[in-house]
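Step one of this worksheet: look at the structure below.
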Ligand code: 4NP
């Protein structure tokens, strides 16, 4: 199964989502990647604050490299998780077919709580990243239970 995690910059939220989900699922059966709808940071490493919160939780995301979502991703992946509604709407507009649109989900649809979006932590402080880690970790735990 192939799963793509998507946010705006692919330097804060989706690199964490990629790293966290990879840490929970078997490499043999799952291919996990991440990308951004925007193209501001292509080729860059994740934001240092994401690298640090991941490291604190035993996950190394420091070698990931930012890339932009491309149309071919809809054929290549089975599921595409958006971090917020803006990413979601962008992906729905990009999708080449109705079938491809059906691959797109909000990540927090996998959790029970009322929060539907992983907030963009880019302009905030460190606390924002701890909150983002927690929200993504809960969703990834549900994905593990659902698909593994
Ligand atoms: P991300 O956060 O979408 O979680 O990677 C952002 C990173 C960079 C920017 C926006 C959001 N930016 O505008 O450069």
111, 71 arranged by Cβ crowding within 10 Å, fewest neighbours leading: 71, 111
Exposure proxy order (Cβ contacts within 10 Å, fewest to most) of 104, 69: 104, 69
In nm, spacing of pseudo-spin labels at residue 99 and residue 148 (7 Å Cα→C-beta vector): 3.1
Value of Rg to Rh for the chain (Rh from inverse mean 1/r over Cα pairs, i.e. Kirkwood): 0.93
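Only the coordinates and a few stated rules stand behind these numbers; no lab work does. Computed from a prediction, not measured in an experiment: that's the story for all the values here. Virtual Cβ from ideal backbone geometry, glycine too; neighbours counted across all protein chains shown.
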